[in-house]
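Below is one structure, written out as structure tokens, with a few remarks after it.
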Amino acid sequence: MKLEPIVISLLDTDLYKFNMDQVIFHKHTDLCGQYYFKCRNKGVTFTQEMADEIKAQIDHLCSLSFTREELDYLRSIRFIKNDYVEFLRLWHPIRDYVTVDLSHEGELSIVVDGPLFSAMQFEIYLLEIVNEVYFRMKYDYDVLRASAEKKLDEKIRSLNDGTYTFRFAEFGCRRRLSREWEDIVVRRLARETDKCVGTSNVYLAMKYNLTPIGTYAHEYVQMYQGIDEIPLAYTNHYAMRDWYDEYQGDNGTALTDTITTDLFLRDFNRSMVNNYTGVRHDSADPYEWGEKIIAHYKKYGVDPRTKLLLFSDSLDFDRAQALYDYFSKKAKVSFGIGTFCSNDTCEEALNIVIKLQYVNGRPVAKLSDAPGKAMCRDEAYLEYLRRSVEFRLDREK
């Protein structure tokens, strides 16, 4: 079974890939990275036919380059700089950086290894490819599509009849059923409701004249663990400092949980509180997290109602509404909803990730506020990172 090309534009990715890559391009071109694929679902296996199709789709991906129209669109985003866009005019994905293997048991292995400014761009494209290949080749796609359409109809009714009163962005690239389906979802949410404020998908933002939304991901903070002169427990400090230096307060929502929110708050000082428009939640109890962030703002005399709490951890629409009801009078609140926009069908969605694991040959890790989300190929390093975090937290009580 041969599929049509899945990725047809290099803009078909999350905005934060360009945001992070621009900082790397300007400040850290000497870094090399290794990314590893993981499927968190139990019992999921891939066939040889699927693996072969994934390889063929990667071959096609690596034949793409940015068009003039796409480069002009990136240039129109207020914080994307012209020299970086000119670099992208020359850049394209390099096939030699990606290795795909399949075990006898059907476990899929994908490794991306190359200069960080190039290797990091593969993540979303590869997740889009793996998802669509899996769902088209394992199931009757028309049945999945029909179930997704029925659920989308229900969501749109609830967004319009007052059941759901919050505003949100579509964050569905990495977990989508298909390119075709995410396109339909974004178009319908934007045209048939007034609750969708934008999308993380840059291609669809351009296509439908929507706001592209995103700042940075865990990998951005993780990469500082691979820089020799930076102490592990201070990576948030250096990451936020470089981010502010690059964007001068624009594009300013900080991710808190790469090496725990408690440690993040040690570096989210008065200056950073004022420099950043808000923070994003991506693990552990969102209510406890929100109250902790609100208390932190108040400690510095900042009215939390002037700051954004962006929730993005495995949200469905009911969970988002409950969070909105709880926090909407305490702070600005918004949501990034992924799987339950782009892959809500009659079958379980894949929980797949591609995570940065090494920088310049050194292991790096995401600790997170939820232990189950920690991912590291070097257990000794992960324990060392934990101890480094605990030492600083104990010292600075």
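The values are calculated or read from the model by the stated rules, or taken from the named source; none is laboratory data. Nothing here was measured: the structure is a model prediction, and the numbers come from that model. Here the Cβ positions follow ideal geometry from the backbone for every residue, glycine too, while neighbour counts run over all protein chains shown. Remember, those area values only see protein heavy atoms, side chains included, never the ligands or the DNA or RNA. Shrake-Rupley method; radii C 1.70, N 1.55, O 1.52, S 1.80 Å.
Within the range 84-119, can you find the residues that are assigned to a helix (DSSP H, G or I) and either in contact (Cβ under 8 Å) with a residue 24 or more places away in the chain or touching a Phe, Trp or Tyr at 6+ places or on another chain (Cβ under 8 Å) (or both)?
Correct list: 84, 87, 88, 89, 95, 97, 116, 117, 118, 119.
If a residue has to be closer than 14 Å to residue 362 by Cα, open to solvent by less than 70 Å² (accessible area, probe 1.4 Å) and not aliphatic (A, V, I, L, M) to count, how many in the range 376-397 make the cut? Even if it seems obvious, please write down each step before you answer.
Quick first cut of the range 376-397, residues closer than 14 Å to residue 362 by Cα only: 376-382, 384-385.
Filter once more, keeping what is open to solvent by less than 70 Å² (accessible area, probe 1.4 Å): 376, 378, 381-382, 385.
Next cut, not aliphatic (A, V, I, L, M) only: 376, 378, 381.
Residues meeting the conditions: 3.
What's the total number of residues in the range 249-270 that are surrounded by fewer than 21 Cβ atoms within 10 Å (Cβ to Cβ), modelled with pLDDT under 95 and not charged (D, E, K, R)?
Of the residues in that region, 2 qualify.
How many residues are of a type outside the set (Lys, Arg) and within 26 Å of residue 74 (Cβ to Cβ) if we restrict to the range 88-112?
Residues meeting the conditions: 10.
Among the strands (runs of 3 or more DSSP E) confined wholly to the range 254-358, which include 2 or more residues that are closer than 29 Å to residue 395 by Cβ?
Values: elements: 278-281, 308-311, 332-337.
The qualifying strands (runs of 3 or more DSSP E) are 278-281.
Looking at (1) at pLDDT below 95; (2) over 24 Å from the mean Cα position of the chain (by Cα), find the lone condition where residue 373 falls short.
The single condition residue 373 does not satisfy is (2).
Being in contact with a His (Cβ under 9 Å, 6 or more places away or on another chain), open to solvent by 30 Å² or more (accessible area, probe 1.4 Å) and among the polar types (S, T, N, Q) narrows it down to one residue among 103, 76, 65; which is it?
65
Restricting to the range 123-162, name every residue that is open to solvent by 70 Å² or more (accessible area, probe 1.4 Å), more than 30 Å from residue 58 (Cβ to Cβ) and of a type outside the set (D, E, K, R).
Matches in the range 123-162: 160 only.
Which condition from (1) closer than 19 Å to residue 218 by Cβ; (2) modelled with pLDDT of 95 or more is the one that residue 391 breaks?
The number of the failed condition is (1).
Among the residues of the range 39-54, write down those that are buried (at least 16 other Cβ atoms within 10 Å of the Cβ) and either basic (Lys, Arg) or out of contact with any strand residue (DSSP E or B) (no Cβ under 7 Å at 6 or more places or on another chain) (or both). Talk me through it step by step, then tell me what you get.
Let us first name the residues in the range 39-54 that are buried (at least 16 other Cβ atoms within 10 Å of the Cβ), namely 39, 44, 46, 50-51, 53-54.
Of everything in the range 39-54, those that are buried (at least 16 other Cβ atoms within 10 Å of the Cβ) and either basic (Lys, Arg) or out of contact with any strand residue (DSSP E or B) (no Cβ under 7 Å at 6 or more places or on another chain) (or both) turn out to be 44, 50, 53.
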